[in-house]
């Protein structure tokens, strides 16, 4: 019998499980959270409700398969050591544990200020602060916000800030104010229903600081084998996508702009020092004497997420040491492969799913039967892990208790 361990059950993990169970291969899915939804649950802002429910349904259907043993609330490296699982003799191990750690802002001192936030806890706050039982991180959004980053996640952060700034101004004036409806319609159209205009609210707004130009912002993917004509079309599409978003949510973009320092007064962060960049032959070149201060009151880093370091897992700097991204092969580890956000760094559902399918296709023939005594030991360990998390093996009963 073949038995594969999948660490993480969200998009990439469940995609891998689907491929394996379709081949009749047993899977053990170890998940650090209560449910295997990963960043679908708290990486997407709460207005993505329809997409979130659709993804939940897909994952539930896969993880509840009779060939799957689900182990919730178990973190590799904390609750179970990697050394222990690596020595258990699995047919294969897939790391599909995502990227939950915000990439450190290049100017480390910024973390000392109360008005600086990282993207992951910021989005988590937005998704839950309205709940009566919420006791997570607190965020104090003030006008003149600055978001540093690029791509879809940073645009979501800008949208959240703009929606919150408008909410602060109009919530008391609009009966049954609905921030999600405002996101769906866009700020101008939502306010128009109530004879209000954004320009009359006295909001200066949010600025997205991006070190490259908008054509290089990863709002759409460009295939590696794309023709020059296709590349040009995709780049124009990126600017069109962003312009449409700016029309709906009214934030600003400082492109080809890169932070190089901080501005503060009386121990309060009041701005970032930036330089302007030129792009020459694909490389960023700083313009001479282009330094200036962008002043603001709220600062959020949205420059990407990284996988959590786990003792025993080879690292290449701040990322896993993967010697072949297509197969996800870990350096120095046999029968261990990564997939999804843990190796792509792209942080979106489509990229995670494509990565998992690619890794699955390239590794399926490497998965071999293991001896019965190894399987017996795996069965024993799985029951012990499930017992620690009080999981009795019934997936949908477990979900209903949430």
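Rounded to the nearest 10 degrees, the angle from helix 119-128 to the longest Cα principal axis of the chain is 90 degrees. With a simple spin-label model that places each label point 7 Å from the Cα along the Cα-to-Cβ direction, the separation between residue 321 and residue 252 comes to 4.6 nm. When each of the peptides 260-270, 150-160 is scored by how many other beta carbons lie within 10 Å of its residues on average, the order from highest to lowest is 150-160, 260-270.
Taking all Cα pairs closer than 8 Å and separated by 6 or more residues, the relative contact order of the chain comes to 23 percent. Taking one equal scatterer on every alpha-carbon of region 295-402, how large is log10 of I(q)/I(0) by Debye at q = 0.13, 0.15, 0.17, 0.21 1/Å? Evaluating at q = 0.13, 0.15, 0.17, 0.21 Å⁻¹ gives log10 I(q)/I(0) of -0.77, -0.96, -1.09, -1.14. Shape summary of region 218-347, radius of gyration then Dmax from alpha carbon positions: 19.5, 55 Å. Mean projected area of the Cα convex hull of the chain, taken over all directions, amounts to 22.4 nm². Evaluated on region 101-164, the Kirkwood hydrodynamic radius is 12.8 Å, with distances taken between all distinct Cα atoms.
Counted over region 272-349 with a bin width of 10 Å, the fraction of Cα pairs per bin, in whole percents, is 15, 29, 25, 23, 8, 0.
Over all pairs of different C-alpha atoms in region 57-212, the reciprocal of the mean inverse distance, the Kirkwood hydrodynamic radius, equals 19.5 Å. Antiparallel versus total DSSP beta bridges in the chain: what percent is that, nearest 5? Counting only bridges with both partners in the chain, antiparallel ones make up about 40 percent. For the chain, the longest principal axis of the Cα atoms and the long axis of helix 228-249 meet at an angle of about 60 degrees. Within region 49-132, the proportion of C-alpha pairs whose separation exceeds 23 Å stands at 52%.
Let me have the relative contact order for region 36-136, percent, based on Cα pairs under 8 Å that are six or more residues apart. Once normalised by length, the contact order is 39 percent.
Counting beta carbons within 10 Å around each of 27, 256 and listing the fewest first gives the order 256, 27. Against the main long axis of the alpha-carbon atoms of the chain, helix 372-388 sits at an angle near 50°.
Values in this text are rule-based calculations from the coordinates and carry no lab data. Quick caveat: nothing in here was measured; it's all calculated off a predicted structure. All Cβ positions, glycine included, derive from the backbone under ideal geometry; neighbour counts span all protein chains shown.
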